[in-house]
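Below is one structure, written out as structure tokens, with a few remarks after it.
The values are calculated or read from the model by the stated rules, or taken from the named source; none is laboratory data. In this text, all values refer to a predicted model and were calculated from it rather than measured experimentally. Cβ placement follows ideal geometry from the backbone for every residue including glycine, while neighbour counts extend to all protein chains displayed.
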Amino acid sequence: MAIKKPLLIPVILVSQSAFALDPQSFGEAGVYLTPTLSVGVTQDDNIRATSAATSSSVVSVTPNFALSAEKGANKFNANYSLNHRIYSVGSVDDLTDHNLNLSSNLVFDVRNNLSLSANYAKTENIADARVAGQVDKFSDLGFNGLYVYGAPSATGNIEVGVGHLRKRADDVVNADLERDVNSASILFSLQATAKTRFIAELNTSLFEYVSAQEKNGQNYAALAGVRWDATAKTSGQIKAGYQKKVFDDLAAEDSSIFNWDVSVIWAPKTYSTFTLTSSQKIDEGNYGAASADTQTNMITWAHDWGNRINSNVSFSYLNQDYSNGRKDESDSFSVGLDYAFRRWLDFTARYTYGSKNSTEQISNYDRNQYYIGATIAL
């Protein structure tokens, strides 16, 4: 439901190494707090991700606080993180992101399960900003709920989900992106084998914009597929179907697309994991467009080499075809190494390359980032 930025952020998977960071928690009566601190330096040759590159070193400081609690089979979690970035180039002010996530999993009995979550994000971003040289500032507030009826081994299960997103811009240039989104979904699953289920899903989202009311409308989607767990060293979900966007404004042109969502994990060895994700859907528009047909593909590889060393490699590709004729193609490659120096201290080195090719020439860019940092725990 949120705007998808053309600059892809590579996913760095957490290794399953026995020597990975193992933070100490403190608390009592089933309630525990786990703090960590990440610090690092990035050499970035294009901090704004534009055709006119500006180079800078960036110092980042990220404290994180995770609170967990359990009562019987019920689990509760809260997580707050702050990411503060300091740029060496004098023309860029310090930037800070805040993220707060709350979640709970309530198990009433073997057939009834309810998951609830709330999240708040206040972000500042200069990379690939909507207007070059400016800072994109947003405050997003979201609520989600998912009710599952049926035991894990039952022949049939039903999943009912609802969600709400409130997106607000903390700057003038992005005011037309402010919106409220209400969503609902229902998914039926039918057991095919002990570890495989057929699935069918219906979902809808209602968009109400604060100022750009010509973009008000509703998305509908119907998909079917399969979900499996640990079959021949793989697990995942594949579903495909049809999605349609209908605008409230009768003068606006509705759109439709072949919709898919794929997530597959392959672990040929216990210490080596490949993850493939792919999707195609209608996104909300940007750059003056009412909508965008968006295709995203990503593959990652996480490997534990032993001796406390893990590697992470990822490649991603994003294609966006906007309703106003604009087209963007973006790709990103990342390779990183993690060294678990102590139980309470990890070191990380990472290289990331990103690029975008757009019909709007001013938006084309290449970008190289070299990062080295550490994560500290108690």
Contacts under 6 angstrom Cβ, first residue in the stretch 69-87 being more than 17 Å from residue 32 (Cβ to Cβ) and of a type outside the set (Ser, Thr, Tyr), partner modelled with pLDDT of 95 or more and not in a strand (DSSP E or B), 6 or more apart: 86/94
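So is residue 19 over 30 Å from residue 245 (Cβ atoms), surrounded by 15 or more Cβ atoms within 10 Å (Cβ to Cβ) and at pLDDT below 95 or not?
Numbers: over 30 Å from residue 245 (Cβ atoms): yes; surrounded by 15 or more Cβ atoms within 10 Å (Cβ to Cβ): yes; at pLDDT below 95: yes.
So residue 19 passes the test.
Please verify whether residue 261 is closer than 27 Å to residue 142 by Cα and not aliphatic (A, V, I, L, M), treating the condition exactly as stated. Let's see the steps before the verdict.
On the way: closer than 27 Å to residue 142 by Cα: yes; not aliphatic (A, V, I, L, M): yes.
For residue 261, the condition - closer than 27 Å to residue 142 by Cα and not aliphatic (A, V, I, L, M) - is met.
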Pairs, first closer than 17 Å to residue 133 by Cβ and surrounded by fewer than 16 Cβ atoms within 10 Å (Cβ to Cβ) in the stretch 88-102, second of a type in the set (Gly, Ala, Ser) and at pLDDT 95 or above, C-beta under 6 Å, six or more apart: 89/56
Condition broken by residue 302, with the remaining ones in (1) of a type in the set (A, V, I, L, M, F, W, C); (2) under 30 Å from residue 22 (Cβ atoms); (3) in contact with a Phe, Trp or Tyr (Cβ under 7 Å, 6 or more places away or on another chain) satisfied: (3)
Hey, residue 58 of a type in the set (Val, Ile, Thr), within 30 Å of residue 360 (Cβ to Cβ) and part of a loop (DSSP other than H, G, I, E, B) or not: no
Residue 148 vs. criteria of a type outside the set (Phe, Trp, Tyr) and either surrounded by 17 or more Cβ atoms within 10 Å (Cβ to Cβ) or in contact with a strand residue (DSSP E or B) (Cβ under 9 Å, 6 or more places away or on another chain) (or both): yes
Residue within the stretch 41-52 that is exposed (fewer than 15 other Cβ atoms within 10 Å of the Cβ) and either closer than 25 Å to residue 130 by Cβ or free of Cβ contacts under 8 Å to residues at least 24 places away in the same chain (or both) present: yes
Output for the stretch 335-369, where each listed residue is more than 17 Å from residue 47 (Cα to Cα), touching a Phe, Trp or Tyr at 6+ places or on another chain (Cβ under 8 Å) and part of a strand (DSSP E or B): 335, 336, 338, 339, 340, 341, 346, 347, 348, 349
Filter result for residue 277 (among the β-branched types (Val, Ile, Thr) and either within 30 Å of residue 175 (Cβ to Cβ) or outside any strand (DSSP E or B) (or both)): no
Residues that are in contact with a strand residue (DSSP E or B) (Cβ under 6 Å, 6 or more places away or on another chain), among the basic types (Lys, Arg) and buried (at least 18 other Cβ atoms within 10 Å of the Cβ), drawn from the stretch 322-355: 350
Residue in the stretch 289-298 that is in a strand (DSSP E or B) and either among the small types (Gly, Ala, Ser) or over 20 Å from the mean Cα position of the chain (by Cα) (or both) present: yes
Enumeration of residues in the stretch 225-253 that are among the β-branched types (Val, Ile, Thr) and either more than 17 Å from residue 214 (Cα to Cα) or under 22 Å from the mean Cα position of the chain (by Cα) (or both): 226, 231, 234, 238
